[in-house]
Amino acid sequence: MISKLKIRGINLVYEDMGTGDVIVFIHGQPFNRSMWNYQSQVFSKTNRLIVPDLRGYGESITTESIVLLDELALDIIYLLNELNISKAVFVGLSMGGQVALEIYRLAPHLVKGLVLADTDARAEDATSYLNRKALAKRLLTDGMESYTTQNIGHYLCKNTFDTKQEVVDHLNTMMINTDAAGAAAVQLGRAERRDHSGILSNIDFPTLIVVGDQDVFTPVSTAEYMQTRISKAELAIIKDAGHMPNMEQPEQFNQLLKNYLDKL
């Protein structure tokens, strides 16, 4: 069921489906909640799923000029409070993984488990900080269609791009329909994100780290960095996948997630 709640000054749109133990799926940028369709149709049969459009993305429109990652995390924390949810497994990809870690920092009591997919716990370095600032400016001046045309191929491995047109089309639709101003605001906030490396060692519950073997944004070495710092972390490398393994190889991703949930 698609729902909307007034959360911290905006109408936050989310899907609430299924019953049972709660899983919160947190999308990356510049996408929306529909990137998790490949998972929701499976796990809604066994779990209650909360799948939001983050502030600035999808139908959760914002007019702010900058949105920090802790703002995105607080939105979800407040949403769960409104829904009387006291514990959940958080599944985040890319920026969504960074938001999940921020939720753990701010409200560790909410976190039953973490799935960190194709993400990086570290802050931006000097170069990536400037690149993200420049990207925000380009999104405002050139728009999402230009960004999509130039960058969509970087999100997927070559095999996906060449043989899975439905995935390419879905990704393209999400990207071009993203509000450029919202995406730029979050890019500016993401440039300022804090380093979560220090809290990784505090995570004392089983954690699943997933990465596509051909991810050019957050390569396998980035996933390995997190694995060495979380005592109960399991690392799964998905073959023939880039930055979007949940869409590129959904059966593999879903099996990994099911196995992880069964262990909690």
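We did not get these values from a lab; they are worked out from the coordinates using the rules stated. Only a predicted model underlies this, so the values are computations on that prediction, with no experimental measurement involved. Neighbour counts run over all protein chains shown; Cβ positions are idealised from the backbone, glycine included.
Laid out as a table, the results:
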quantity	calculated
Within the range 33-156: Cβ-based charge dipole about Cα centre, in debye rounded to nearest 20 (Lys, Arg +1; Asp, Glu -1)	340 debye
Of Ala191, Ala236, Ala107, the one that fluctuates the most in a GNM where the chain has Cα springs shorter than 10 Å	Ala107
Three-way shape call for the range 101-160 based on the alpha-carbon gyration tensor, with the a/c threshold at 1.5	prolate
Dipole of the range 2-263, positive end: most advanced residue of Ser34, Ile76, Met175 [Cβ charges, Cα centre]	Ile76
The chain: most fluctuating residue of Gly20, Gly182, Gly92 per GNM, C-alpha cutoff 10 Å	Gly20
Unit charges on C-beta of K, R, D, E only; dipole of the chain, Debye	480 debye
Extension gain, Leu130 back to Ser231 (0.36 nm per residue minus Cα-Cα distance, nm)	33.1 nm
Overall form of the range 19-85 per C-alpha gyration tensor (a/c, 1.5; a/b vs b/c)	oblate
Unit charges on C-beta of K, R, D, E only; dipole of the range 169-264, Debye	340 debye
5 angstrom amide H check on Ile238, placed H, neighbours 5+ away	Val211, Gly212, Asp213
Gained length - Ser221 relative to His109, 0.36 nm times residue gap less alpha-carbon distance	37.4 nm
The range 182-211: trypsin sites (Lys or Arg not before Pro) falling in loop per DSSP and having at most 10 other Cβ within 10 Å	none
Sites Asn11 and Asn151, calculated FRET efficiency, Cβ-Cβ separation with R0 35 Å, nearest 0.05	0.75
Positive-end residue of Gly113, Thr148, Gly97, charge dipole of the chain with Cβ unit charges	Gly113
